[in-house]
Structure formats: structure tokens, C-alpha cells
Amino acid sequence: MADAALRSLRFRLERQSTWEKLDALLTQVEKRSPQSLSDEDMLAIPALYRATLSSLSVARATSLDAALVDYLEALCARAYFFVYGPRTTLMERVSDFFIRGWPWAVRAMWRETIASTLIMAAAVAAAFFLVKSDPAFYFSFVPQELAQGRDTTASAEELRATLYQQLDPEASLATFATFLFTHNAQISIFSFALGVAFCLPSVLLIAYQGAMLGAMFAVFEGHGLGWQFGGWIFIHGVTELFAIILSGAAGIRIGWAVAFPGQRTRLQAAEQAGREGGLVMIGVVIMLMIAGLLEGFARQLIQLDLARWSIAGASAVIWALYFYIRPGPPK
């Protein structure tokens, strides 16, 4: 034991300066940028990396203490990504996310997306027929504060007025759009984050959103305002509902991975699914921002049903083309 400790100490004293220099240079790059290095330091890193890699090989072969081996492995991994990793700028990374990363992540979840869509569609249909058969079910699906006069007791004229109402000129459309974005973002984040509980919370949240839509549609359709209500809701709803469907799909992906991890541990499966879903969720937030702007501005400013439906149809085509007719996976 004493001989092994002595060998480890001699090994450290002989080579530690090389490791420390490499560590200091990598730390400088990580905290600042590669441009902060001098030409001499930039050229020195590959040589220091090879020397450290040699030290790691010796440490493994001679069974030196585990802490030293772990340190050298971590240091070599950092140096490897600097020496051989891709050199990309922030703008290149952002453009790769929009061109490849986000669409690829959505396409990779096509099964979960179909499942999420079917759950929402089933909830829409169930709530629609329940409210049509018994209006008392309406407030089981739609909270009183969200109904805002759009309920089973309203007349056709009152319902029509809610579809074409203008906001108070003193009210801020920007504030209204921000409120809508915040509300929808909370639903989507919960759908994603709570999926770890074996998918159930995600499924329930998706179904609840669909049930609200189905219940409200039943009320408007019962007064002959189905077409008008569709234009009013889908001008922003195509983007908003698709974002919620994708967040639910990401939650289902995590829950399924936890329930059926395969050869991995449940933690490993959840971690991998979380990374994949997290990429989708970054895009979902962007979609909800767009939906909030459409709901807060376009829906209030555009009063023509055909114009509303045209925007809804165009957004559906744009999202379909963007997600499903795109280049391959990210670099």
C-alpha cells in the first residue's frame, strides 16, 4: 500500500504541471471563448492533450488511485471536445436548431404526436356530445372564469357578440397577448414535466384542453354559430393546440420511457427522453408566443370569418411543411 501511494505521488509530481496548464486553458475557453487564447496557447492545447492522454493510459495500466483516473478522464474528455469538436458560432447553432434540430425532434416523436392528437380529438368529441345531450355538463369542462358569457344560458346574439367583440381601446393588446402566452405555456410545461408519472398527467391535461374546446363548440354549434366559432378559435388555435399536442407528446415520451426502460435503468431512460423532449419544448414555447400574438392581436383586429379561416389554414400548412418536409437530423 505504501509503495502504491508513493508511485501515485511521484506520478503526480512529474506530470501534474501539464494537467494543470491544460485545465487552466480549457477553463479560460469555457468561461470566455477560444478567441481569448493566444496563438501559442492555441497550439499548445493539442500537445498538452496528448500528454494528458498518455498520463491517463499509464494511470489505468498501473492501477493508480481511482480519483486520479477520474480526474484525468474528465480532463481528457474536455480537451477532446475542444480539439476535435465542431467549431460553430451562436448564429450557426440557432440556425441549425430551426433548420434541422427542432423539426427532426418533432418527427422523431411521431408516434407520441399521433397518440396525443387522438387523445385530444377523443376528448373534443366526448365533451361535444355530452354537452349536446345535457347542457349541465358544460361547466364540468369549462371553468366559469374562462367562459366569460360563452355558456349554455347565453342567447345566439350574445354568443355572436363574443366572437366579434373589440377590446377596450384603453386595454393593451400586448398585455392581453402576454397573459394568453403565460397561461398556455404553463399548461404545456406541466404536460411535459408531469409526463414522468407514467404519462397519466400529460394525458389528462391534453384531454382537458380538448374537452374545453368540445364543450364550447357544442354551445356555439347549437346556436348555428359553428363556422364562426371555428374561425374565431382556429385563427390562433391551430398553432396553440399543435403546441399543446407536442408538449403532451414529449410528456408521453418521458412517461413511456420510465414505464418501459428496456435495457436501460429508468433514470437513464428518463434522462434520454427528457433531452429529446426538451428540444421539442424549446420550440413549443416559440409556437405559443406566436399563438399568443395571433390570439391577442389578429383575432381581435380581424373580424371577417373567411380571413380568420384563411390564417388558420395557412398556419396549418406552414407547420406541416416545416415539421414534416425538412432536411435530416441535426449535425
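Along Cα→Cβ, 7 Å out, is where each label goes; now give me the distance between the ones at Arg32 and Thr62 in nm to one decimal.
Reported label-point gap for Arg32 and Thr62 is 3.5 nm.
Take the Cα gyration tensor of segment 93-324, multiply each eigenvalue by 5, square-root it, and list the three semi-axes largest first, rounded to whole angstrom.
32, 21, 14
Taking 0.36 nm per residue of sequence separation and subtracting the Cα-Cα distance, how much length would be gained by fully extending the chain between Leu304 and Leu146, in nm to one decimal?
In short, 54.5 nm is gained.
Tell me the angle of helix 266-293 to the major Cα principal axis of the chain, expressed in degrees between 0 and 90 and rounded to the nearest ten.
50 degrees
Go ahead and run the numbers for FRET between Leu267 and Val69, Cβ-Cβ distance against an R0 of 30 Å, rounding to 0.05.
Here the calculated transfer efficiency is 0.80.
In whole angstrom, note down how far apart the Cα centers of segment 218-273 and segment 129-166 are.
Here the two parts' Cα centres lie 24 Å apart.
Work out how much length Val317 to Leu118 would gain on full extension: take 0.36 nm times their residue separation and subtract the Cα-Cα distance, in nm to one decimal.
69.7 nm
Pop out the ³J(HN,Hα) list for segment 221-237 in order, Karplus 6.51 cos²θ - 1.76 cosθ + 1.60 with θ = phi - 60°, rounded to Hz; leave Gly and Pro as x.
These are the phi-based 3J(HN,Hα) values: 5, x, 10, x, 10, x, 4, 5, 5, x, x, 5, 8, 8, 4, 10, x Hz.
Output the relative contact order of the chain, whole-number percent, from Cα pairs under 8 angstrom with separation of 6+ residues.
Computed value for the chain: 22 percent relative contact order.
So between Glu92 and Ser155, what do we pick up on full extension, going 0.36 nm a residue minus the alpha carbon distance?
The span from Glu92 to Ser155 would gain 17.2 nm if fully extended.
State, to one decimal in nm, how far the label point of Ala51 lies from the label point of Lys132, with both points 7 Å from Cα in the Cβ direction.
Simple spin-label model gives 7.9 nm for this pair.
Only the coordinates and a few stated rules stand behind these numbers; no lab work does. Bear in mind that the values here come from a model prediction, so they are computed numbers and not experimental data. Glycine gets a Cβ as well: all are built from the backbone with ideal geometry, and neighbour counts include every protein chain shown.
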